[in-house]
Structure formats: C-alpha cells, structure tokens
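Structure, as structure tokens:
The values are calculated or read from the model by the stated rules, or taken from the named source; none is laboratory data. Since the structure is predicted, the reported quantities are computational estimates derived from the model, not experimental observations. In this analysis, Cβ positions are derived from the backbone assuming ideal geometry, glycine residues included, and neighbour counts consider all displayed protein chains. All accessible areas refer to the heavy atoms of the entire protein, side chains included, with ligands and DNA or RNA removed. Shrake-Rupley method; radii C 1.70, N 1.55, O 1.52, S 1.80 Å.
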Amino acid sequence: MRTIKYAVAASLLATAPLAAAQQLSIATGGTGGVYYPIGGGFAEMINDHIEGADATAEVTGASVENMGLIMRGDADLALALADTVYQAYNGTGDFEQRQIENIRALASVYPNAVQLVTLAESDIESLADLEGKRVSVGAPGSGTELNARALLEANGMSYDDFNPQRLNFNETADAIRDGDIDAGFWSVGPPTSSILNLAATRDIRLIGFSDEEIANAQEDEPVFAPYELAAGMYDGMDEAVQTIGIPNVLVVNSDMDEELAYELTKLLFEHTDELIAVHPAANDTTIEFTMESTPVPLHPGAIRYFEEVEADIPDRLRP
C-alpha cells in the first residue's frame, strides 16, 4: 500500500505536523444509504481540519467490496459492517480461504438496522411470508446481502425459497414502488433516504422479527444485537418495529502511517458534531460504542489516541 502522510495544522488539531499531503480515498456504499453521506461528511472534515488533505468519498458496492479495496490499497479508509469485517479478518463465511489479515479499525461509527420493507397492502407479515415472493437482498458484495442471507439461513430459509433480486438501495425502493418486487432488505443506519423517499410516495410497512428469529440470528452471527426501530421513523410507521442491529466499522490497512491513523481518529471523535450535522446516525459515534462493538484489532495510531483520552481499551482490540 502506498505511503500516505499528511501535514496537520497545529492550530486546529494541536499535534505535531505530518509530512507531505496526499489524497485520501474513503470507500463507502451506494448513494441511497448512510455510508455515502457519512463518508462524504468525514471527507469534508478531513479537508477542513487537516491542512493540505484532499479526501474524497467513493461510491462502492459497500462492505464486502470495501474489504478488498482496503486489502489491495485501492482505498485508504472504508466503512463496513462488523460481521463482514469480522469474517474478512478471520477468513470465515464469505471470506473462507481468502482471509484479509491486514485490516485494522479506527472506530465503530454507528449501528445498522436490518430493515425489511414491503408495501402496506402486501400480505407479507413475517420472514416466512417471503416464500415465493420477489425479494431484493441488496447489491452484490454488500453487507445488506450478507446480513439478509445470515438472517434467513439462521431461520431455516434460503434464496431457493423466493426469487432473489440483487439491487442497491435506490433500485430496491424504486422496484417496490413500481410493483416489480414484493419486498426488500436494507442493512443501513436508520432513517435512510431511500426508504424515506419511498414512504413519501407509497404506503409502506416494515416487517418485524420475532424474539426467536433474532435469537437464531445471534446464535449464528454474534455481532447481531436486538434493535428497535422507533415509531414514526418513516411516514405511516405508527408503532415501533423489532429488528436486529450490526455495528459499522471504519477500517484501514495495517500499513497506514501511525501518525495519520492517530490524526484521523482524533478528528473523528473531537469533531463528531460536524458528522452528526450530516446524518443523525453519527449520534452513536462515541468512544464507548467503539470499545463495545469493534470486532477486529485497532490500528496502533487509534490506540494511541484512545490511550491519550484514557479510554478503557479491551485486550481483544490490541493487535
């Protein structure tokens, strides 16, 4: 991976300056999800607060694809779901026989919620009702597809039970609106723009998961946790809906310059208000959330920042 060093304005971050500036690429996801605005917001923070930096958020297929971009050095930072990151680091699941050991985390930024959406007049009331339907399981190589498949398989279902469509968030919303599919999965920080836009044009319903379905999913994927979508989150959503949540992790290559990793981590946590202004999902961007939810070791530069602020760093997060 190419060496990346930055000159940091001491007046803004009050740290020792880095060397020559260079472009930073942040791998995100589709424009209809949360990764893209969060990544774009963080890119703007880097541009505003790190002198000479020119960071850019890149549209990608999201989590699974982003792991490969980090491994090859084709992206400098990436957002990805915790289960994807965990599998890539350990060489399990979709990453069996292609382990990516050079992944390190800077932080866990916010939790995703698996959201299963259909039209209000649909006869789909549960996971089991997807049988024989046309269902979007997310874009190829996305964390949404990984989460949807894990949830389904943990509950005795597979793609053989319905007609799977691999669509991104905006495509899924359009297909539901136009009646081309019956339901779609999103794994994204709520509320998300593509569902908001769909709910503004059609009456929708979110499908809740039972306690048993959630427990089955947790047994297969320990990074899953119960998560409640609040009433009123989307137009016509009168009651809270029970689903599962998965942390989103900001990852880098282990070869990233330690000083740069330190500066990026410091920037994220000391200017979090700027990210919240971009998307409310960043309200969960806290040091505590990072310590509780991060599934792989932290980069030494991130550890230096967390030690500086006297965070209680679990042993599992030290390389």
Looking at (1) open to solvent by 50 Å² or more (accessible area, probe 1.4 Å); (2) over 24 Å from G32 (Cβ atoms); (3) in contact with a Leu (Cβ under 8 Å, 6 or more places away or on another chain), which is the one condition that is false for L106? (1)
Taking the range 212-225 and keeping only residues that are closer than 30 Å to G179 by Cα and either without any contact (Cβ under 8 Å) to a residue 40 or more places away in the chain or open to solvent by 20 Å² or more (accessible area, probe 1.4 Å) (or both), one is left with E213, I214
The range 25-45, residues that are touching a His at 6+ places or on another chain (Cβ under 6 Å) and over 12 Å from V109 (Cα atoms): P37, M45
Mind counting the residues in the range 209-245 that are over 30 Å from T92 (Cα atoms) and outside any loop (DSSP other than H, G, I, E, B)? 1
Here's a check for you: in the range 76-102, which residue that is crowded, with 24+ Cβ neighbours inside 10 Å and of a type in the set (A, V, I, L, M) is farthest from A225 (Cα to Cα)? L77
Output the qualifying pairs, or none if there are none: Cβ atoms under 6 angstrom, residues six or more apart or on different chains, first residue in the range 141-162 and not assigned by the TED database to the domain that holds G33, second residue open to solvent by 10 Å² or more (accessible area, probe 1.4 Å) and hydrophobic (A, V, I, L, M, F, W, C). G141/V64; S142/A62; G143/A62
P297 being touching a Pro at 6+ places or on another chain (Cβ under 7 Å) and modelled with pLDDT of 95 or more: yes
Could you go through the range 141-150 and let me know if any residue there is in a loop (DSSP other than H, G, I, E, B) and either of a type in the set (A, V, I, L, M) or out of contact with any strand residue (DSSP E or B) (no Cβ under 9 Å at 6 or more places or on another chain) (or both). yes
Filtering the range 226-242 for residues that are surrounded by 18 or more Cβ atoms within 10 Å (Cβ to Cβ) and over 27 Å from G41 (Cα atoms) leaves a count of 2
Which residue, of E270, E263, E292, is out of contact with any Cys (no Cβ under 7 Å at 6 or more places or on another chain) and surrounded by 18 or more Cβ atoms within 10 Å (Cβ to Cβ)? E263
Mind checking which residues of the range 116-140 are open to solvent by 20 Å² or more (accessible area, probe 1.4 Å) and not in a loop (DSSP other than H, G, I, E, B)? L119, A128, D129, R134
